[in-house]
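A.B. asks: Once you've had a glance at the structure underneath, I'll fire off some questions.
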Amino acid sequence: MSAREEILARVRKAVAGAEDVEIPRHYRTDRQGEDLVGLFAERVDDYRAIVHVVPAAEVPGKLDACIGERRMIVPDGFDRAGGWDDVNTADGVVTGCAVAIAETGTIVLDHGPGQGTRAQTLVPDYHLCVVRADQIVAGVPEALARLDPARPLTWISGPSATSDIELNRVEGVHGPRTLEVIIST
């Protein structure tokens, strides 16, 4: 028996016969009328990401402007021709997302079509993410309701950053140093 199995067996034995208790979950989900795009843009900007809010028709032009001469990874399923396969030599990655959370300024990737692999989104120094307005939800409970818990999830709240013991912020340690977000309205 593995340590995990042993621990779970002990837990099951300890709670055997205990009555089920309903845990009330009263999450605030009544946010109709709020400017979720504006709140999301503000929160993502607070994380030191570069944010553009553009009409859907202008997204292709904004993508071209943001990418410039960079050699980009373009994952399968992303609505754009071209691509660069090698995560070790690409300058960046361009992706879509599964959902975005206005309250926290968080982008969630489930690595479905157009979102690339975990390595493709964490190794390059630059991540350009396109978020459609209809993908933005108010809070975490609404985001979780849209996600499949069986899929690999990557939660992004700004460029990768860490602070050492002296609280010096260092960006790009565990992922892209630069996060640029195009919000398509």
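A.B. asks: Output needed for the range 6-59: three equivalent-ellipsoid semi-axes, defined as square roots of 5 times the C-alpha gyration tensor eigenvalues, in descending order, whole Å. Before the final figure, lay out each step's value.
C.D. replies: Details: eigenvalues 427, 65, 22 Å².
Rounded to whole Å, the semi-axes are 46, 18, 10.
A.B. asks: How far is helix 36-46 tilted, in degrees, relative to the longest principal axis of the Cα atoms in the chain, given as a value from 0 to 90 rounded to the nearest 10?
C.D. replies: That helix lies at roughly 80 degrees to the long axis.
A.B. asks: Not counting ligands, DNA or RNA, and with a 1.4 Å probe, what is L36's accessible surface area in Å² rounded to the nearest 10?
C.D. replies: Answer for L36: close to 40 Å² accessible.
A.B. asks: Another one. Ignoring GluC sites (Glu not before Pro) that are buried or in helix or strand per DSSP, and keeping those with at most 15 other beta carbon atoms within 10 Å, what is the longest stretch of the chain between them?
C.D. replies: That gives 70-165 as the longest site-free run.
A.B. asks: Relative contact order, percent, of the chain when contacts are C-alpha pairs under 8 Å separated by at least 6 residues?
C.D. replies: Numbers: 338 pairs, mean separation 46.9, N = 185.
Answer for the chain is 25 percent.
A.B. asks: Keeping the other protein chains in place, figure out the carbon and sulfur percent of the accessible area of the chain, with a 1.4 Å probe. Mind dumping the intermediate values first?
C.D. replies: Working: 5640 of 11090 Å².
That share works out to 51 percent.
A.B. asks: Calculate, for the chain, the solvent-accessible area per residue in square angstrom, rolling a 1.4 angstrom probe over the heavy atoms of the protein chains. Mind showing how you got there, number by number?
C.D. replies: Working: 11090 Å² over 185 residues.
Accessible area per residue, the chain: 60 Å².
A.B. asks: Within the P(r) computed for the chain, what percentage of the Cα pairs occupies the region above 27 Å? Kindly include the intermediate steps, with their values, before the conclusion.
C.D. replies: Values: 6417 of 17020 pairs.
Percent of Cα pairs beyond 27 Å in the chain: 38.
A.B. asks: Just flag the trypsin sites (Lys or Arg not before Pro) in the range 11-79 sitting in loop per DSSP whose Cβ has no more than 10 other Cβ atoms within 10 Å. Before the final figure, lay out the partial values.
C.D. replies: Details: sites: R12, K13, R25, R28, R31, R43, R48, K62, R70, R71; in loops: R25, R28, R31, R48, R70, R71.
Filter output for the range 11-79: R25, R28.
The values are calculated or read from the model by the stated rules, or taken from the named source; none is laboratory data. Note that the structure is predicted; figures quoted are calculated from it, not measured. Here the Cβ is made from the backbone with ideal geometry for all residues, glycine too, and neighbour counts use every protein chain on show. Surface accessibility is based on the protein's heavy atoms, side chains included, excluding ligands, DNA and RNA. Shrake-Rupley method; radii C 1.70, N 1.55, O 1.52, S 1.80 Å.
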